[in-house]
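Remarks on the structure that follows.
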Amino acid sequence: MVLFSKLPHQFILIRTFVNAKVKWVRDPYLDTAVFKEKDLKHVISLKNQIISSPSKSLSIYTASMLKGSLNLPTTTTKFIERYHRVFAQFQPSPSLPPCVKLTPQALSLHKEEMAVHNSRANREDAVRRLARLLMLAGMGKLPLYVIEKLKWDMGLPHDYVTALLVDYPDYFDVCSVDDPSSGKQLLALELVSWRKELSVSELEKRAMNSDCSGDKRRHDIAFPMFFPKGFDLEKRVKTWVEDWQTLPYISPYENAFHLDSNSDQAERWTVAILHELLSLLVSKKTERENLVCYGECLGLGMRFKKALVHHPGIFYISNKIRTQTVVLREAYKKELLVKIHPVMGMRYWYIHLMTKM
């Protein structure tokens, strides 16, 4: 069915997504990119718990009590033994219970990691990316629990509220918002004032860099698409995607809720938000659940789910490590990040230590 929607001074063609199945094809390179970080988050979380103790160690009993809160995949003792290059067990004295501390190599990596987090360049980068996260869809605020879900993939320090946000009162403020589902008040992070200089998406920046006149900021901006070997779109899906790519680009920092939610324009805006959100993450990937949770806060939960399925050339969904992970395809060349953020650089060193025999 073809419809016409009248907007000021123009008629815009609205076409819903073609009724065709878009097949899922495994991408072994991107699966590898996801799988190689197996247990990395858990290792660093336990490391942070150990290092935050005054003695820089924990009794095995205390560490075992953290299994649930850290969501460890096995018992704490087995986990510590599995990653013996990171964690070292010792007994302070015959009368005291066994304890765990970091190995010298892990302690050295931790110090380097903190130097990265505490550097002025990284702190300002983190603040700008967090501000942009709040600005997507023209919002300006987010419940803290949503930021907690994305904290790891944003590359924020584990204690980011006290270690980072308090030093930028001109950027952020903590406020309360209503939770529609429970009727309770939730803590939220709010942008103190809209920062126009940050409301330029990664795709817009690329377009302006490639065209000195800046004319491409709104027009001729297409989403990069990459397909794995053996992937082939149905002809009618391919035609739809090609037509969809020619539509005017709508900034993810604009409020475009006035668009018909079933229109191609609305889906293009939704994809722009997803693309920008993943671009803000240091790993350029996150669990699908995190994206849907973020989308629900914007009132775009169902649109996010549909867009992820409709555009396999932009987003890849990996089923590795007991979850679904959404990867921004263009950010990777085979299994490697095209551009490695300093925080990710440190994480790769932890992976090297974890897998070292």
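The values are calculated or read from the model by the stated rules, or taken from the named source; none is laboratory data. Note that the structure is predicted; figures quoted are calculated from it, not measured. Note: ideal-geometry Cβ built from the backbone for every residue, glycine included; neighbour counts use all protein chains shown. All accessible areas refer to the heavy atoms of the entire protein, side chains included, with ligands and DNA or RNA removed. Shrake-Rupley method; radii C 1.70, N 1.55, O 1.52, S 1.80 Å.
State the volume of the convex hull built on the alpha-carbon positions of the stretch 296-343, expressed per residue in Å³ and rounded to an integer.
Values: hull volume 6.1 nm³, N = 48.
Hull volume normalised by residue count: 127 Å³.
Measure out, as a whole number of angstrom, how far apart the alpha-carbon centroids of the stretch 77-103 and the stretch 251-276 sit.
51
The stretch 260-335: percent of C-alpha pairs farther apart than 18 Å? Intermediate values should be presented prior to the final figure.
Values: 969 of 2850 pairs.
Cα-Cα pairs of the stretch 260-335 separated by over 18 Å account for 34 percent.
May I ask for the percentage of alpha-carbon pairs in the chain that lie more than 37 Å from each other?
Values: 16517 of 63546 pairs.
Looking at the chain, the distances longer than 37 Å represent 26 percent of pairs.
Relative to the longest principal axis of the chain, what angle (0 to 90°, nearest 10) does the C-alpha long axis of helix 120-135 take?
Approximately 50 degrees, to the nearest 10.
Helix 264-280 against the longest principal axis of the chain: what's the angle in degrees, Cα atoms only, rounded to the nearest 10?
In the chain, helix 264-280 runs at an angle near 30 degrees to the longest axis.
Per DSSP H run of n ≥ 4, the term is -39500 (n - 2.57); total these for the chain, divide by its residue number, and report the mean residue ellipticity at 222 nm rounded to 500 deg cm²/dmol. Could the numbers behind the result be given before it?
Numbers: 15 runs with 155 residues, N = 357.
Helices in the chain give a 222 nm mean residue ellipticity of -13000 deg cm²/dmol.
Quick one: accessible area per residue over the chain, 1.4 Å probe, rounded to a whole number of Å²? Provide the component values of the computation, followed by the final result.
Numbers: 18320 Å² over 357 residues.
Accessible area per residue, the chain: 51 Å².
So what's the Cα pair-distance distribution over the stretch 167-281, bin width 10 Å, in %?
Binned Cα distances yield the sequence 11, 30, 33, 17, 9, 0.
Please give the net charge around LEU259, taking every other residue with its beta carbon less than 10 angstrom from that of LEU259, where Lys and Arg add +1 and Asp and Glu add -1. Provide the component values of the computation, followed by the final result.
On the way: positive: ARG268; negative: ASP260, ASP264, GLU267.
Here the count lands on -2.
Taking the Cα centre of the chain as origin, work out the dipole magnitude from +1 charges on Lys and Arg Cβ and -1 charges on Asp and Glu Cβ, in debye rounded to 20.
Numbers: 51 positive and 38 negative charges, 238 e Å.
Value, rounded to 20: 1140 debye.
Can you run the Rg to Rh ratio on the stretch 209-357? Use alpha carbon positions and the Kirkwood inverse-distance Rh.
Working: Rg = 16.9 Å, Rh = 17.0 Å.
Reported Rg/Rh, Kirkwood definition of Rh: 0.99.
Give the cross-link partners of LYS151 among the lysines, using a straight C-alpha distance below 22 Å as the criterion and excluding same-chain residues fewer than 8 apart.
Result set, ordered by chain and number: LYS36, LYS38, LYS41, LYS47, LYS67, LYS111, LYS141, LYS284, LYS285, LYS305, LYS320, LYS339.
Taking the chain as the reference, fit the longest principal axis to its C-alpha atoms, fit the long axis of helix 40-51 to the helix C-alpha atoms, and give the angle between the two in degrees, 0 to 90, nearest 10.
Between helix and principal axis, roughly 40 degrees.
Over the alpha-carbon set of the stretch 30-107, divide Rg by the Kirkwood Rh and report the Rg/Rh ratio to two decimals. Could you put the intermediate results ahead of the total?
Values: Rg = 13.0 Å, Rh = 13.0 Å.
Checking Rg against Rh, the ratio lands at 1.00.
Rounded, prolate or oblate: which fits the stretch 116-215, taking a ≥ b ≥ c as square roots of the Cα gyration tensor eigenvalues, rounded meaning a/c under 1.5, else prolate when a/b beats b/c? Please report the intermediate quantities before stating the final value.
Numbers: a/c = 2.22, a/b = 1.44, b/c = 1.54.
Judged from the Cα gyration tensor, the stretch 116-215 comes out oblate (a/c at least 1.5, b/c at or above a/b).
Just for the Cα atoms in the stretch 217-296, what are the lengths along the principal axes, largest first, rounded to whole Å?
The principal-axis extents, from largest down, are 33, 32, 24 Å.
For the stretch 159-175, what does the Karplus curve 6.51 cos²θ - 1.76 cosθ + 1.60, with θ = phi - 60°, yield as ³J(HN,Hα) per residue in whole Hz, taken in order and with x for Gly and Pro?
So the J values, rounded to whole Hz, are 10, 4, 5, 8, 8, 10, 4, 5, 8, 10, x, 6, 9, 10, 9, 9, 9.
In what sequence, highest mean first, do 234-241, 273-280 appear when ranked by Cβ atoms within 10 angstrom?
Values: 234-241: 14.6, 273-280: 22.6.
Packing order, densest peptide first, comes out as 273-280, 234-241.
Let me know the shape class of the stretch 55-201, please: from the alpha-carbon gyration tensor, a ≥ b ≥ c as square roots of the eigenvalues, rounded when a/c is under 1.5, otherwise prolate if a/b is greater than b/c, or oblate. Don't skip to the answer; put the middle values down first.
Values: a/c = 2.98, a/b = 1.88, b/c = 1.58.
Because a/c hits 1.5 or more and a/b exceeds b/c, the stretch 55-201 counts as prolate.
Can you give the convex hull volume per residue for the Cα atoms of the stretch 127-184, as a whole number of Å³? Before the final figure, lay out the partial values.
Working: hull volume 5.8 nm³, N = 58.
Expressed per residue, the convex hull around the Cα atoms of the stretch 127-184 is 100 Å³.
Just order 146-157, 77-88 by mean Cβ neighbour count inside 10 Å, highest at the front, would you? Let's see the in-between values first.
Values: 146-157: 19.5, 77-88: 17.6.
Result, highest mean Cβ count within 10 Å first: 146-157, 77-88.
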